[in-house]
Amino acid sequence: MTSHLPTWRGRLLTTVVVGTLATAPAPNAQTARKFETFTGTTVNLAVGSGETLRMNVFQWSPEDERSRMLTAFQEKGGAELLNAVRSAPSAGYLWTSESLGYTLRYAHHMPLPNGGERVILLAERRLGSWSGITWKASNPASAPDYEFTLIELRLNRQGAGEGKMSLAAKVTADPEGKTIALDQYDAAPILLKGVGRVGVASDK
């Protein structure tokens, strides 16, 4: 003889299942990720001029991550910094006209005395790598040959300014700012013009 669940047990089971489904999050629901966007056009490059760069930052590197990068560079230079960069979580993406973007492994910003903003971003590859023709400074003989690309932006209080890159300047440690940065920023050539902060957007 086939047995059946008593009526009260059947009702209880139905209530539990319906209640669980009602309170569980939708399987495809995703939280929109916010990111800050900066844009600029490359200049003064032998290879790579005239490109529009779009830099999406969805998280600023925490202090412990910045400290790890800074220590790696101070102790063993660019090679060790590259190793540290590759193990860092993604902080955003940098887009050129190439079909693939570049992962940003370091992103830091700080205020400037004039009310502006200083932004430092580091991509784990040299720009141009995806096309097979890496970007080069107008004076490649004196340019460093890093496998990564560090970008430093200087913006005024209106969010507009310029940018320079490790394609034409050495990377250094900035103990005061507690960050890696470009060496002798003021003397380095401008490689990004018309730099601006687009604002905060969403990827949804």
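Going by a ≥ b ≥ c, the root eigenvalues of the Cα gyration tensor, does segment 46-183 fall in the rounded group (a/c under 1.5), the prolate group (a/b larger than b/c) or the oblate group? Note, shape of segment 46-183 comes out rounded. Number of Lys-Lys pairs in segment 32-202 with C-alpha atoms under 25 Å apart and a separation of 8 or more places or on different chains: 11.
The H on the amide N of A137, modeled in the peptide plane, is under 5 Å from the matching H of A46, each at least 5 residues off or on a different chain. Amide H to amide H distances under 5 Å link A91 with L104, R105, Y106, where only residues 5 or more positions off or on other chains count and H is placed in the peptide plane. For G161, the shell of other residues with beta-carbons less than 12 Å away shows a net charge of +3, using +1 for Lys and Arg and -1 for Asp and Glu. Across segment 155-167, computed HN-Hα scalar couplings (Karplus, 6.51 cos²θ - 1.76 cosθ + 1.60, θ = phi - 60°) run 10, 7, 5, 8, x, 10, x, 9, x, 9, 9, 6, 5 Hz from first to last residue, x flagging Gly and Pro. Take each peptide in 103-109, 91-97, count the other Cβ atoms within 10 Å of every residue, and average; sorted highest first, the result is 103-109, 91-97. Around the amide H of G116, modelled in the peptide plane, lie the amide H atoms of R157, all under 5 Å away and 5 or more residues distant in sequence or on another chain.
Where a number appears in this text, it was derived from the coordinates with a stated rule and is not lab data. Computed from a predicted model, the values in this text were never measured in an experiment. Cβ: placed from backbone, ideal geometry, glycine included. Neighbour counts: every protein chain shown.
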